[in-house]
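None of the figures in this text is laboratory data; all of them are computed from the coordinates on show. These numbers come from a predicted model, not from an experiment. Here the Cβ positions follow ideal geometry from the backbone for every residue, glycine too, while neighbour counts run over all protein chains shown.
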Amino acid sequence: MSRIGKKPIIIPEGVTANLAAAHIEFKGPKGEISVSYRPEMKVELKDGQILVSPKANSRLHRALFGLTRTLLSNGAMGVSVGFTKQLEMKGVGYRATVEGETLVLQLGYSHAINFPIPDGMIIEVKKNQINISGIDKQLVGETAARIRRLRPPEPYKGKGIKYADEIIRRKAGKTAKAAGAGS
């Protein structure tokens, strides 16, 4: 059995959870989100806690046990605290601005890149940092990955967009030949 799946999910203060047929609706200070789960899992709401247990002991049920608990926990955390990812831009002339519902990026190409901001996401730009926040952990991570993919960091000068906590392994460039050696 899953160690993570056995832990009860304690609903944070200020968050309400409503159990429906195949999903739970969380409402909190940051917003509301509906998290669905597979019918192979049994989910109970008792005394301000959510308990997850598999209906059988098959391989599929054991695989979904910890996953279901984690997804429900992320829903409860998202509406109370929220999730954030930070990206850093490094390069001459690399800029980003938020214009309405669009993130406009200058990344060394001959044109600007317009990145539409998904619903429910908040993107803030401070100098060379892009902060992405929202209540859905999966959507926050996917949005950060899509922005990073526009200009991934290169290993020679480190130019590009990287996660704030990411470490780029640098490579040495080419070495110049000695003068007159080839003649």
- request: Would you please give the FRET efficiency between R3 and H23, computed as 1/(1 + (r/R0)^6) with r the Cβ-Cβ distance and R0 = 35 Å, to the nearest 0.05?
  value: 0.90
statement: Convex hull around the C-alpha positions of the chain: the volume in Å³ per residue is 184
query: Structure shown: which of K7/K55; K30/K137; K85/K126; K127/K174 lie over 21 Å apart, alpha-carbon to alpha-carbon?
result: K127/K174
The chain: most fluctuating residue of A172, A17, A164 per GNM, C-alpha cutoff 10 Å: A172
field: Angle between the chain longest axis and helix 59-80 axis [Cα atoms, degrees, rounded to 10]
entry: 80
- prompt: Please identify the chymotrypsin sites (Phe, Trp or Tyr not before Pro) of region 70-122 that satisfy two criteria: DSSP loop assignment and at most 13 other Cβ atoms within 10 Å. Which are they?
  reply: Y109
field: Which of V81, V92, V35, V52 has the fewest Cβ neighbours within 10 Å, and the rest in rising order
entry: V92, V81, V35, V52
- line: Under the Karplus relation with 6.51, -1.76 and 1.60 and θ = phi - 60°, whole-Hz ³J(HN,Hα) for region 86-94, x at Gly and Pro, equal 10, 10, 10, 9, 9, x, 5, x, 7
message: Test of understanding: in a Gaussian network model of the chain with alpha carbons linked when under 10 Å, which of N131, N74, N18 would top the mean-square fluctuation ranking?
response: N18
- prompt: Highest GNM mean-square fluctuation, the chain, Cα pairs closer than 10 Å: which of H111, H23, H61?
  reply: H111
Sum of -39500 (n - 2.57) over DSSP H runs of 4+, divided by residues of the chain (222 nm, nearest 500): -7000 deg cm²/dmol
